[in-house]
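Have a look at the structure below, then the notes.
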Protein chains: 4
Amino acid sequence: MQLYGQDITSRLLLGTAQYPSPSVLNAAIKSSASEIITVSLRRETAEGTGAGFWDQLRTLNCRILPNTAGCHSVQEAVTTAHMARELFDTPWIKLEVIGHSDTLQPDVFALVEAARVLSDDGFQVFPYTTDDLVVGEKLLEAGCEVLMPWGAPIGSGQGLRNPDALCAMRAHFPDVPLIVDAGIGRPSDATQAMELGMDAVLLNTAVAKAGDPAGMARAIALAIEAGREGYLADPMERRDMAVPSTPVLGLAALS
Amino acid sequence: MQLYGQDITSRLLLGTAQYPSPSVLNAAIKSSASEIITVSLRRETAEGTGAGFWDQLRTLNCRILPNTAGCHSVQEAVTTAHMARELFDTPWIKLEVIGHSDTLQPDVFALVEAARVLSDDGFQVFPYTTDDLVVGEKLLEAGCEVLMPWGAPIGSGQGLRNPDALCAMRAHFPDVPLIVDAGIGRPSDATQAMELGMDAVLLNTAVAKAGDPAGMARAIALAIEAGREGYLADPMERRDMAVPSTPVLGLAALS
Amino acid sequence: MQLYGQDITSRLLLGTAQYPSPSVLNAAIKSSASEIITVSLRRETAEGTGAGFWDQLRTLNCRILPNTAGCHSVQEAVTTAHMARELFDTPWIKLEVIGHSDTLQPDVFALVEAARVLSDDGFQVFPYTTDDLVVGEKLLEAGCEVLMPWGAPIGSGQGLRNPDALCAMRAHFPDVPLIVDAGIGRPSDATQAMELGMDAVLLNTAVAKAGDPAGMARAIALAIEAGREGYLADPMERRDMAVPSTPVLGLAALS
Amino acid sequence: MQLYGQDITSRLLLGTAQYPSPSVLNAAIKSSASEIITVSLRRETAEGTGAGFWDQLRTLNCRILPNTAGCHSVQEAVTTAHMARELFDTPWIKLEVIGHSDTLQPDVFALVEAARVLSDDGFQVFPYTTDDLVVGEKLLEAGCEVLMPWGAPIGSGQGLRNPDALCAMRAHFPDVPLIVDAGIGRPSDATQAMELGMDAVLLNTAVAKAGDPAGMARAIALAIEAGREGYLADPMERRDMAVPSTPVLGLAALS
């Protein structure tokens, strides 16, 4: 998988918020084998916590994907992205422009505008978006080379609320990396996302809030691999009518 | 996992029917890392095909779980089980007594009776059953130490049609190995089954009829491992109300 | 619809337990337009409450379908049925033989045996059963002319947990009245049951525990009618690919 | 229900396309008891067909809700709306701006812009939109007093693909009439929509393409009434654990 020209092997992107402790976070990241971790700029710059957290992440040899979590306007997101570029020395930015404080859904209008402003300014934008095809087209026109549709509201763990819409995105954007971002609650959700042809999964809460975050990180990494291989292996058709799996009549020879 | 006193590491049991060729079957079994494979006695004894097929399976170092596929009565199943014991030199028998030729669902009445007859005669019975708790109890009373509830009709690939019923089985039989047998179509179905606390998955068509059987075998093996680890890692609760995954409250404002 | 030779117009059968008061029960039954109501014999014979309750039900001009709710064995169910026949002067009996105290699922073994005993003794048995085809066949052999598969555990309001199994029953028993009994929680569940081709719905908790039982009784009666008419009107096929509902190209003439 | 100050009794709005014949359309509208029917302007003005079709609709005493079906741009939709206002002498317009020709999903950017232009020009706009809360807010800001979120792609009959999103709309817009427009395939879909608290349902294909359109129109009208009454009657909570619907505890034993 290539994301903005970078070869990426792991299809699991991991968030770094909400862990019970830095050591648990460390263990989860290692266990996940993720190559890309997201970091909220607000957390990073929180007084007294930033430097140590940043030093910790540096030891992990992951790419940092800074995000604009908590931003509710174009201006706020753009300002945050600039601070992130300076701080983390990367053109990558996960662009969140929140439109609704309960569901944390994107404001697709502000998102497209911010994506255009940032792309024009040299950023490589990873937009957190809905599963709306037309919004996806606008984001590509704005300069994005990756789309990150949600599966369900951030932190809900509901899984994929509208798999058909994700299928339609896959069909409509065959060559654009699609990363499901938000809503994954357990391994089977991740497997399903990959079976639909998604290229990767980004999640945070499902690992951070599991009883055993490192165990869950590994479980979800396996689940993503399983879904990817299943997608490539061309699954059987589901059948309404049951058919025998053991051909006892006529018995075609195997030898 | 212990099945009738035997330690088993792989939680994927694989059927051997319907593969396009013996070499594809071989590749799929290796790729699956399964330790237990099921074999239909009728296939085995079909004129002219048995010996070669059996020789082939012998090279794989798997435990053979002979099955009574295609049997529709107690007498037929018992007779077939006896032939299997002699031929494969094992007390293990996957007991299928089919009650309906379209859905291939078990005849739970004949199943319980056959399980009793065979258990009394020293067999270690793996009963292919429905997700009915009361039937499960009867099978345990009859001597079974393992239950194999269906997920969906054999060969349908529909996945788990009634996950709640499987949950109820898990709650009701906390110490009995539960193996989902039949209905799995793709990796996410297997992951889901394991997340419900099932101990293992038995399948055939999903691998045999995939475009790339060996690839699918590996995918499903990973999926099972993912689901098992996810189950053990204690997943987050699903939430109706979305909550932020990045804790921005309490942190200093953007400076 | 004919049930044991009786013409029945309303396809909603209503239970009489759990209502906040007798007057609310009265209002719900009237609002439902049900012609058949079920009565638990145990409630009826409870000391001090029986006579009044029975007098009340008598005023409603409904057929009484006594049930064996709470019975866990053949003997208990048979004894209860006999008492019911004497008390209510009807050969009808809703036969419940509970096999599991949490899910209140039927014990299909005891159910079939009790059905045989009662049918042989002249009862007209309405068996509360699972969605198992083979059990259904046994019940018909035992003399039942109606089958009442569950939708979900009694009192759960979960709706139809396994619609495919109900479809298979419809296909397998084209001429047997099928009444979904247990699990219905809201009107859409009842509509769906009827769209699958079920002949009627029996429920209790969904009405008794609604905020407005009489309103819910009417809602569910309408829902059943809607589902029945929808079934008869031959619904469109669901389509994966969207097609325009307004034919703007070529514009076929209507005039 | 009030829509732009008009009292409306029937909560079913019906489309007029795709019927096998004018008389079948007539029968379906009467059977539905709809007070509002949608008409595609393009159909209306198609050469040689318009006048007769229009005369026919006039006899039905329904309100006409002209639509801009088939429009793909702001300009096209605005022009069509103006023609409709002149032809049908109504400020009402169902605004469709299609963003994707396969799924016929709205282009939410063009939709909001067109809604603003038309509202400013005195139209009363019924926007066909997605289930996106932020888009809904923009449409209200643009002057709309009604929102018409889709259930699934037009003509697909898939039902409600994302019920949670519709719930979120209901919670977020408690006082705005919400009409599910597109995707309804059968009566139970309509019942479910109303149970979620939607105010009405608009559909076309489900009736026009049923085997018996008039029968299906009546079925769906009942289904909508059922769902509405069920919503108002305050349904029971769904329960994971089954509870008995017949209170046998505390009652005297069988005497």
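Residue under question is B:Q124, and the condition is that it be at pLDDT 95 or above and under 30 Å from B:Q56 (Cβ atoms); does it hold?
So B:Q124 fits the description; yes.
Among the residues that make up the stretch D:97-109, is at least one of them over 20 Å from D:I36 (Cβ atoms), more than 17 Å from the chain's Cα centre (by Cα), of a type in the set (V, I, T) and at pLDDT 95 or above?
yes
Could you check C:T129 against (1) of a type outside the set (G, A, S); (2) open to solvent by less than 10 Å² (accessible area, probe 1.4 Å); (3) over 23 Å from C:L166 (Cα atoms) and say which number it fails?
Result: C:T129 passes all but (3).
Residue check: is D:D164 acidic (D, E), open to solvent by 10 Å² or more (accessible area, probe 1.4 Å), away from chain C (no Cβ under 14 Å) and touching a residue at least 12 places away in the same chain (Cβ under 8 Å)?
no
Does any residue of the stretch D:2-11 turn out to be part of a helix (DSSP H, G or I) and either in contact with a strand residue (DSSP E or B) (Cβ under 9 Å, 6 or more places away or on another chain) or at the interface with another protein chain (Cβ under 10 Å from one of its Cβ atoms) (or both)?
no
Scan the stretch C:44-56 for residues that are within 29 Å of C:L222 (Cα to Cα) and either at pLDDT below 75 or surrounded by 20 or more Cβ atoms within 10 Å (Cβ to Cβ) (or both) and jot them down.
C:F53, C:W54
Every residue, every condition in (1) part of a loop (DSSP other than H, G, I, E, B); (2) acidic (D, E); (3) more than 7 Å from every other protein chain (Cβ to nearest Cβ), yes or no:
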site: C:Q158; (1), (2), (3): yes, no, no
site: C:A168; (1), (2), (3): no, no, no
site: C:P174; (1), (2), (3): yes, no, yes
site: C:A190; (1), (2), (3): no, no, yes
site: C:A210; (1), (2), (3): yes, no, no
site: C:M216; (1), (2), (3): no, no, no
site: C:A219; (1), (2), (3): no, no, no
site: C:G227; (1), (2), (3): no, no, no
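Can you say whether B:M216 is in contact with a Lys or Arg (Cβ under 7 Å, 6 or more places away or on another chain), of a type in the set (A, V, I, L, M, F, W, C), buried (at least 22 other Cβ atoms within 10 Å of the Cβ) and modelled with pLDDT of 95 or more, as far as the supplied structure shows?
Spelling it out, it is not the case that B:M216 is in contact with a Lys or Arg (Cβ under 7 Å, 6 or more places away or on another chain), of a type in the set (A, V, I, L, M, F, W, C), buried (at least 22 other Cβ atoms within 10 Å of the Cβ) and modelled with pLDDT of 95 or more.
Here is a yes/no grid of residues against (1) within 14 Å of chain A (Cβ to nearest Cβ); (2) within 28 Å of C:I98 (Cβ to Cβ):
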| site | (1), (2) |
| --- | --- |
| B:V78 | no, no |
| B:F88 | no, no |
| B:H100 | yes, yes |
| B:S119 | no, yes |
| B:Y128 | yes, yes |
| B:D131 | no, yes |
| B:L140 | no, yes |
| B:A152 | yes, yes |
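Within the stretch A:229-242, track down each residue that is in contact with an Asp or Glu (Cβ under 9 Å, 6 or more places away or on another chain), in a loop (DSSP other than H, G, I, E, B) and open to solvent by 10 Å² or more (accessible area, probe 1.4 Å).
Listed by number, the residues that qualify are A:D234, A:P235, A:D240, A:M241, A:A242.
If we keep just the residues of the stretch B:135-146 that are in contact with a strand residue (DSSP E or B) (Cβ under 9 Å, 6 or more places away or on another chain) and surrounded by fewer than 24 Cβ atoms within 10 Å (Cβ to Cβ), which is nearest to B:T38 (Cα to Cα)?
In this case the residue turns out to be B:V146.
Going residue by residue through the stretch B:191-200, is there one that turns out to be touching a residue at least 60 places away in the same chain (Cβ under 8 Å) and either among the aromatic types (F, W, Y) or crowded, with 24+ Cβ neighbours inside 10 Å (or both)?
Within the stretch B:191-200 (the criterion being touching a residue at least 60 places away in the same chain (Cβ under 8 Å) and either among the aromatic types (F, W, Y) or crowded, with 24+ Cβ neighbours inside 10 Å (or both)), the answer is yes, since at least one residue qualifies.
May I ask you to list the residues in the stretch A:81-95 that are out of contact with any Leu (no Cβ under 8 Å at 6 or more places or on another chain) and among the charged types (D, E, K, R)?
Hits for the stretch A:81-95 are A:R85, A:E86, A:D89.
Going through D:V39, D:V24 one at a time, which residue ends up being within 13 Å of chain C (Cβ to nearest Cβ), within 27 Å of D:A193 (Cβ to Cβ) and surrounded by fewer than 19 Cβ atoms within 10 Å (Cβ to Cβ)?
Exactly one residue qualifies, and that residue is D:V24.
Which one is nearest to the other protein chains (Cβ to nearest Cβ) among residues in the stretch A:176-188 that are farther than 17 Å from B:A226 by Cβ and not in a loop (DSSP other than H, G, I, E, B)?
The residue in question is A:D181.
C:L178 - would you say it is open to solvent by less than 30 Å² (accessible area, probe 1.4 Å), without any contact (Cβ under 8 Å) to a residue 60 or more places away in the chain and over 16 Å from D:E195 (Cβ atoms)?
Against the criterion (open to solvent by less than 30 Å² (accessible area, probe 1.4 Å), without any contact (Cβ under 8 Å) to a residue 60 or more places away in the chain and over 16 Å from D:E195 (Cβ atoms)), C:L178 qualifies.
Restricting attention to the stretch B:60-91, and to residues there that are in contact (Cβ under 8 Å) with a residue 12 or more places away in the chain and hydroxyl-bearing (S, T, Y), which single residue is farthest from B:L14 (Cα to Cα)?
Among them, the one singled out is B:S73.
Which of the residues spanning the stretch C:1-44 are closer than 18 Å to C:E225 by Cβ, among the basic types (K, R) and out of contact with any helix residue (DSSP H, G or I) (no Cβ under 6 Å at 6 or more places or on another chain)?
Scanning the stretch C:1-44 gives a single hit, C:K30.
The values are calculated or read from the model by the stated rules, or taken from the named source; none is laboratory data. Model, not experiment: these values are computed from the prediction. Don't worry about glycine lacking a Cβ; one is built from the backbone with ideal geometry, like all the others, and counts go over all protein chains shown. Quick note on the areas: whole protein, heavy atoms, side chains included, nothing else; ligands and nucleic acids left out. Shrake-Rupley method; radii C 1.70, N 1.55, O 1.52, S 1.80 Å.
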